[in-house]
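Engineer: Quick one: this structure, given as structure tokens, is what I'll be asking you about.
The values are calculated or read from the model by the stated rules, or taken from the named source; none is laboratory data. These numbers come from a predicted model, not from an experiment. Please note: Cβ atoms are built from the backbone with ideal geometry, for glycine as well, and neighbour counts cover all protein chains shown.
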Amino acid sequence: MRHRNAGKKLGRDTAHRKALFRNMAKSLITYERIRTTETKAKELRKVVDKLITLALKNDLPARRQAYKVLGNHGLVKKLFDEIGPRFAGVPGGFTRVVKLGLPRPGDAAPMAVIELTRLAEKAEAPAEKSAEKPAKAKKAAKPAEAEASAAPAEDEKPKKKAPAKKAKKEEASAEEGAEAPAKKPRKKKAEEPAEAPAEEPKAE
């Protein structure tokens, strides 16, 4: 009989089961929401709730006990410095299990999502909204500045193009002159000496 033996064995021996819950606890503290089978989620809830209770104590022995389970100083720091203060004054209920409608394909195991009841996203949401307002104002100001700068630029364009057109015409005329064969100057006919008018005989 299994009197006073609480918990599910999950088809694993003790060492395998402890390693499983240790890894799942690390993932839940890292991502604050994971998807697993319903049975594992309910068993994991017991492990994580104890870790958050240690975080509420926030002393050296509690940190050492948490490190014994997590085995990572970075996760212990996040647990005590970020997750623990969120649940200050809360007597319990640090995690929730939400059942999913679709079973796991293959073996049809019922699936669930386990997450912390107080997530970091909810605390950061007001700060993100306040940061979006000045960003939108800057975006609205940029098109107005672009239109204002485009108007004088359009007025200046014809002035700049005028000398360019003249230069193009001069270049075209120079090219035509270079391509046209040089015309030989016509030889002028030798001018015949004009005959002197016959002198009239003087009357004696």
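Yes/no matrix, rows are residues, columns are (1) over 22 Å from residue 6 (Cα atoms); (2) in contact with a Phe, Trp or Tyr (Cβ under 6 Å, 6 or more places away or on another chain); (3) polar (S, T, N, Q):
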residue	(1), (2), (3)
17	no, no, no
24	no, no, no
37	no, no, yes
56	yes, no, no
61	yes, no, no
77	yes, no, no
102	yes, no, no
108	yes, no, no
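Engineer: Further question on the same structure: For the range 43-72, how many residues meet the condition of being in contact (Cβ under 8 Å) with a residue 40 or more places away in the chain and over 22 Å from residue 120 (Cα atoms)?
Structural biologist: Total meeting the criteria: 2.
Engineer: Next question. Out of 32, 43, 38, I need the residue that is in contact with a Gly (Cβ under 7 Å, 6 or more places away or on another chain) and surrounded by 13 or more Cβ atoms within 10 Å (Cβ to Cβ). Which one?
Structural biologist: It is 43.
Engineer: Determine whether residue 64 is in the same structural domain as residue 37 (by TED's automatic domain parsing), surrounded by 11 or more Cβ atoms within 10 Å (Cβ to Cβ), among the charged types (D, E, K, R) and more than 11 Å from residue 52 (Cα to Cα).
Structural biologist: Values: in the same structural domain as residue 37 (by TED's automatic domain parsing): yes; surrounded by 11 or more Cβ atoms within 10 Å (Cβ to Cβ): yes; among the charged types (D, E, K, R): yes; more than 11 Å from residue 52 (Cα to Cα): yes.
Here the answer is yes, as residue 64 does meet what is asked.
Engineer: Another question, then. How many residues, within the range 93-107, are among the hydrophobic types (A, V, I, L, M, F, W, C) and under 13 Å from residue 39 (Cα atoms)? Don't jump to the end; show me each part of the working.
Structural biologist: Taking the range 93-107 first, the residues among the hydrophobic types (A, V, I, L, M, F, W, C) are 94, 97-98, 100, 102.
From what is left, the residues that are under 13 Å from residue 39 (Cα atoms) are 97-98, 100.
Of the residues in the range 93-107, 3 are among the hydrophobic types (A, V, I, L, M, F, W, C) and under 13 Å from residue 39 (Cα atoms).
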